[in-house]
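*Asks:* Questions regarding the structure given below will be posed in turn.
The values are calculated or read from the model by the stated rules, or taken from the named source; none is laboratory data. Please read these numbers as outputs of a predicted model, since none were measured by experiment. Please note: Cβ atoms are built from the backbone with ideal geometry, for glycine as well, and neighbour counts cover all protein chains shown.
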């Protein structure tokens, strides 16, 4: 018996990076996983590539395209998962975006784009997952992706920082409201993780004149990490699988830092 055997899970933002790693780790531990992402083709490839590891663990994988800011699409994602797996036990609200801009250059468009996906998308995902869990009974787990940027502001990514502070607040608010339904709400806060998202951020920071060469931004952001290196997605999944498991049943309203010692709070 593995830690999440028989659990039905959804992971958004699962076409790449941390989300993909979370989903694959859950499969390896016996969970059934719906990989969800706005990129329909890529998330389909991920789910198909995960078929062998799912079979080896006795788990199942499915996928769906979803815009997490569209409530009807989120409802359809949950319905799809319940149809395939019979229930919803764990919902990871992991989908997120960043688009660096210097503080004085931040526009309403930039703000709304980032806050819409990272903030509103998280709230809709929490609400609709909770409604399904309440309807089926038996409680459940909602797990949100925050960031080291939820603990301190950075000058070139202010909307992203604000959106991740929002994730922390939503986690606490949801934990208070949903405890009576035996639904726990937790989150985790990665630091600098070597993913496709960071590759794009690196390029964006060069475009706005903050960095002069590829890799410079990641080096500077990670220079004070006590572990002495950036994270890989696999550095994150031990904690995320724990949060999805029964081992974390007495935790709620908390954000776990997984940043290698970048921010001590």
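*Asks:* Regarding the range 18-34, can at least one residue be identified that is in contact (Cβ under 8 Å) with a residue 12 or more places away in the chain, surrounded by fewer than 24 Cβ atoms within 10 Å (Cβ to Cβ) and under 13 Å from the mean Cα position of the chain (by Cα)?
*Replies:* For the range 18-34, residues in contact (Cβ under 8 Å) with a residue 12 or more places away in the chain, surrounded by fewer than 24 Cβ atoms within 10 Å (Cβ to Cβ) and under 13 Å from the mean Cα position of the chain (by Cα): present.
*Asks:* When you scan the range 162-205, how many residues do you find that are buried (at least 16 other Cβ atoms within 10 Å of the Cβ) and closer than 19 Å to residue 17 by Cβ?
*Replies:* Residues flagged as buried (at least 16 other Cβ atoms within 10 Å of the Cβ) and closer than 19 Å to residue 17 by Cβ within the range 162-205 amount to 18.
*Asks:* Filtering the range 149-161 down to residues that are within 13 Å of residue 118 (Cβ to Cβ) and without any contact (Cβ under 8 Å) to a residue 24 or more places away in the chain, which residue is surrounded by the most Cβ atoms within 10 Å (Cβ to Cβ)?
*Replies:* This residue is 149.
*Asks:* Could I ask something else about it? Criterion first (touching a strand residue (DSSP E or B) at 6+ places or on another chain (Cβ under 9 Å), buried (at least 17 other Cβ atoms within 10 Å of the Cβ), within 19 Å of residue 236 (Cα to Cα) and in contact (Cβ under 8 Å) with a residue 24 or more places away in the chain) does residue 38 satisfy it?
*Replies:* Answer is no for this residue.
*Asks:* Which number in (1) assigned to a loop (DSSP other than H, G, I, E, B); (2) more than 14 Å from residue 14 (Cα to Cα) marks the one condition that residue 67 misses?
*Replies:* Only one criterion is unmet by residue 67, namely (2).
*Asks:* May I pose another question? Which residues, taken from the range 76-97, are within 18 Å of the chain's Cα centre (by Cα) and not in a strand (DSSP E or B)?
*Replies:* Residues satisfying the conditions are 77, 78, 81, 88, 89, 94, 95, 96, 97.
*Asks:* Using beta carbons and a limit of 9 Å, which pairs, at least six apart or on different chains, have the first residue in the range 232-254 and touching a residue at least 24 places away in the same chain (Cβ under 8 Å) and at positive phi and the second one crowded, with 20+ Cβ neighbours inside 10 Å and not in a helix (DSSP H, G or I)?
*Replies:* Once the first residue is touching a residue at least 24 places away in the same chain (Cβ under 8 Å) and at positive phi and sits in the range 232-254, its partners that are crowded, with 20+ Cβ neighbours inside 10 Å and not in a helix (DSSP H, G or I) give 253/184; 253/185; 253/186.
*Asks:* Also, I was wondering about something else. Would you check if residue 135 is at pLDDT 95 or above, in a helix (DSSP H, G or I), out of contact with any strand residue (DSSP E or B) (no Cβ under 9 Å at 6 or more places or on another chain) and under 19 Å from residue 81 (Cβ atoms)?
*Replies:* yes
*Asks:* Under the condition of being within 14 Å of residue 9 (Cβ to Cβ) and surrounded by fewer than 20 Cβ atoms within 10 Å (Cβ to Cβ), which residue from the range 241-264 is nearest to the chain's Cα centre (by Cα)?
*Replies:* 242
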